[in-house]
Amino acid sequence: MTTETEALTIDELAARAGVTVRTVRFYGTKGLLPPPVLGPRRVGRYGREHLGRLELIEELQSRGMTLAAIERYLAQLPPDLSVRDLAVQRAVVASWAPGTVETVSRAELERRAGRALGEEELERLAAMDVVERVGDPGAGPDGEVFRVDAGLLRLGVELLDVPLSHESVLAARTVLTEHSRAAARELSRLLRDAVADKDSRDVRSLSARMHPLVVQAVLTTFQRSLKEELREWLDEDG
């Protein structure tokens, strides 16, 4: 397991994730976090994968999952998930519940992002609907306030390093939004027809159970389709 350029102490890892050192150690003893890489003087160092997995665990816990359920969930994931894969998983989990938007200061936003954010990066995050500036930018960093989708923040920050222009990000957002809404309408119509004769309470219960399953199915289908498209594109260029 690589650390992807970052080598955090357990204190730094806990601070970045917003948990206690005791929590990090507890997850480690339960096998939910991989062991750290031992550096000089046998001091454990943690990488971005550790941070991504820790954030995923915290997201699962915030959704009401028990420790045993979290263990089963993580056991089903490939052991070599990249930082971006973990961010996608967390975004999927966060989508199960709508209340993931928080209002934070710029300092808190950058702490959660794990890096300083320039104006261009903030614009790109806004284009991806990850953050929205609601304070006065002229008030300085201490006076700026942002609404942030906590579930999408880590994924959005990872995408900042992808070499796409601001215009390309906006165009990609439009494509994804339009096709996602179309798919959502069709799926909603299909499910509505399938439960037309059910009691309203049964319908709400089924909807709650189906939501995460449908999101995961859509994500999996999209990932496979994108891989096929990219493979064909690369074959054509080759």
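The values are calculated or read from the model by the stated rules, or taken from the named source; none is laboratory data. Treat the numbers as computed from the prediction; the structure is a model and nothing was measured. When we count neighbours, we look across all protein chains shown, and the Cβ atoms used for this are built from the backbone with ideal geometry, even at glycine. When the accessible area is computed, the model is the full protein with side chains, heavy atoms only, and any ligands, DNA or RNA have been set aside. Shrake-Rupley method; radii C 1.70, N 1.55, O 1.52, S 1.80 Å.
Condition check for Glu178 on (1) open to solvent by 20 Å² or more (accessible area, probe 1.4 Å); (2) at pLDDT 85 or above; (3) not polar (S, T, N, Q): one failure, at (2).
Scanning the stretch 8-34 for residues that are over 22 Å from the mean Cα position of the chain (by Cα) and part of a loop (DSSP other than H, G, I, E, B) yields Thr9, Lys30.
Is it the case, given these coordinates, that Ala107 is open to solvent by 50 Å² or more (accessible area, probe 1.4 Å) and either aromatic (Phe, Trp, Tyr) or part of a loop (DSSP other than H, G, I, E, B) (or both)? Taking the combined requirement at face value, the residue does not satisfy it. Given the structure, is Gln61 open to solvent by 20 Å² or more (accessible area, probe 1.4 Å), at pLDDT below 80 and closer than 24 Å to Glu108 by Cβ? Taking the combined requirement at face value, the residue does not satisfy it. Restricting attention to the stretch 8-50, report how many residues are charged (D, E, K, R) and under 17 Å from Arg111 (Cβ atoms). The number of residues fulfilling the criteria is 4. The residues of the stretch 32-79 that are in contact (Cβ under 8 Å) with a residue 60 or more places away in the chain and more than 19 Å from Ile10 (Cα to Cα) amount to a single one, Glu59. With the requirement that a residue be assigned to a loop (DSSP other than H, G, I, E, B) and surrounded by fewer than 17 Cβ atoms within 10 Å (Cβ to Cβ), what does the stretch 66-88 give you? Correct list: Thr66, Gln76, Leu77, Pro78, Pro79, Asp80, Ser82. For the stretch 185-196, a residue qualifies if it is in a helix (DSSP H, G or I) and open to solvent by less than 60 Å² (accessible area, probe 1.4 Å), and exactly one does: Ser188. For the stretch 119-137, the tally of residues that are open to solvent by less than 30 Å² (accessible area, probe 1.4 Å) and farther than 15 Å from Arg154 by Cβ stands at 3. Among the candidates Gly39, Gly31, Gly52, the residue that is open to solvent by 30 Å² or more (accessible area, probe 1.4 Å), modelled with pLDDT under 90 and not aliphatic (A, V, I, L, M) is uniquely Gly31. Within the stretch 144-159, the only residue that satisfies the criterion of being of a type in the set (Lys, Arg) and surrounded by fewer than 20 Cβ atoms within 10 Å (Cβ to Cβ) is Arg147.
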